[in-house]
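The values are calculated or read from the model by the stated rules, or taken from the named source; none is laboratory data. The model shown is predicted, which means the values in this text are computed figures rather than measured ones. Counting neighbours? That spans all protein chains shown, and the Cβs are built from the backbone with ideal geometry, glycine included. All accessible areas refer to the heavy atoms of the entire protein, side chains included, with ligands and DNA or RNA removed. Shrake-Rupley method; radii C 1.70, N 1.55, O 1.52, S 1.80 Å.
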Amino acid sequence: MRKAFIAGNWKMNTNCAGAEGLASGLAEKLKGIETVDIAVCPPSVYLQSVAKALSSSNIALGAQDVYFEGSGAYTGEISCEMLKDVCCTYVIIGHSERRHKIGETDELINKKLSAAISSGLLPIFCVGELLEQREAGETETVVAGQVKKGLAGLNADKVLAVTVAYEPVWAIGTGVNATSQQAQEVHAMIRQLLADMYDESVAQQIRIQYGGSAKPANTAELMACEDVDGLLGGGASLKVNDFAAMIKTVA
Ligand code: PEP
């Protein structure tokens, strides 16, 4: 059985006091929950403060991005070791906002995944189609292509560190989530692809989160899908009560 995993992506939101308050509010509300893996991913400048607020809690810390090089002349970038140094367990890689607004390619995402896994970080690897791609019937081709290119060269041992997050771009931040049927279809396709790329045992162990306007009201229905193992929330993860309610629905 795959343990449910719910993570919050705070994106470029909050300030120092707000991030600390959100983290300590969640730590208090979610005390004692052991049946769900929980993580929050604040902006990188607040990782250290949030790490302090979460110390001795059951909430893990994640970053929203990482660079693949170890150190050196890469102005503005942050390495895997730096993230580990400030207590990160997880790192989001390949989020659609980085793919489509910042211009990250599958090749860059692949290098980041490889570096993160080698360093011991656990990547949350995001994939998902644009609205026009879904409307053109290209969802499977687009998502399968992202999975194959992102995981290229990673052997079975390494890929077990990955959580895949299926995030249809048209559902992110729009308030319109994928239906449970749409989510299940793509999740099942991803799991079959992982079985083809690796083997059935690997495919059954890898968690696949859904992301895109996930909120307390749709958590139970989405999580009831056989291949939906967790959620990656954006907007809802910025509200203590909403994020806590999503986790308590699953716990
Ligand atoms: C996200 O950014 O990963 C996300 C799913 O955002 P939202 O929940 O706000 O749609």
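Some points to look at:
- C-alpha center-to-center spacing [the stretch 120-198, the stretch 20-53] in angstrom: 26
- Whole-number accessible area per residue in Å² for the chain, which is evaluated in the context of all protein chains at 1.4 Å: 43
- Inter-site label distance for Thr89 and Glu200 at 7 Å from Cα along Cβ, in nm: 3.1
- Accessible surface of the chain [probe 1.4 Å, protein heavy atoms]: carbon and sulfur percent: 51
- Computed log₁₀ I(q)/I(0) - Debye formula, equal Cα scatterers, no solvent, the stretch 77-209, q 0.15, 0.18 Å⁻¹: -0.70, -1.01
- Across the stretch 185-250, the mean sequence separation of Cα contacts (distance under 8 Å, 6 or more residues apart), normalised by length, yields a relative contact order of 31 percent.
- Note on Glu77 and Glu34: the extension gain reaches 12.1 nm, defined as 0.36 nm multiplied by sequence separation minus the Cα-Cα distance.
- Dividing the Cα radius of gyration of the chain by 2.2 N^0.38 Å, with N the residue count, gives 0.93.
- Charges were assigned to the Cβ only: +1 to each Lys and Arg, -1 to each Asp and Glu. The resulting dipole of the stretch 1-127 about its Cα centre is roughly 320 debye.
- Between Lys52 and Ala251, the contour length at 0.36 nm per residue exceeds the alpha carbon distance by 69.2 nm.
- Percent RCO, i.e. relative contact order, over the stretch 66-181, from Cα pairs under 8 Å lying at least 6 residues apart: 26
- The candidates Ser114, Ser201, Ser119, Ser56, arranged from most to least accessible area with a 1.4 Å probe in the full protein assembly, appear as Ser56, Ser201, Ser114, Ser119.
- In a simple Cβ point-charge model (Lys, Arg +1; Asp, Glu -1; nothing else charged), the chain has a dipole of about 680 debye relative to its Cα centre.
- When Rg and the Kirkwood radius Rh are both evaluated on Cα atoms of the stretch 1-106, their ratio Rg/Rh stands at 0.98.
- Listed by chain and number, the lysines whose C-alpha is less than 29 Å from the C-alpha of Lys248, apart from same-chain residues fewer than 8 away, are Lys3, Lys11, Lys29, Lys31, Lys52, Lys84, Lys215, Lys239.
- Stokes-Einstein D in µm²/s, Kirkwood radius over Cα pairs - the stretch 112-156 at 10 °C with 1.306 mPa s viscosity: 135
- Most mobile listed residue (Thr75, Thr163, Thr141) in the chain, GNM with C-alpha springs under 10 Å: Thr75
- Sequence-distant contacts, meaning Cα pairs under 8 Å at least 6 residues apart, place the relative contact order of the stretch 43-116 at 33 percent.
- Length added when fully stretched, Glu69-Ala188, from 0.36 nm per residue minus Cα-Cα: 39.5 nm
- Per-residue SASA entry for His187, accessible area with 1.4 Å probe, Å² rounded to 10: 0
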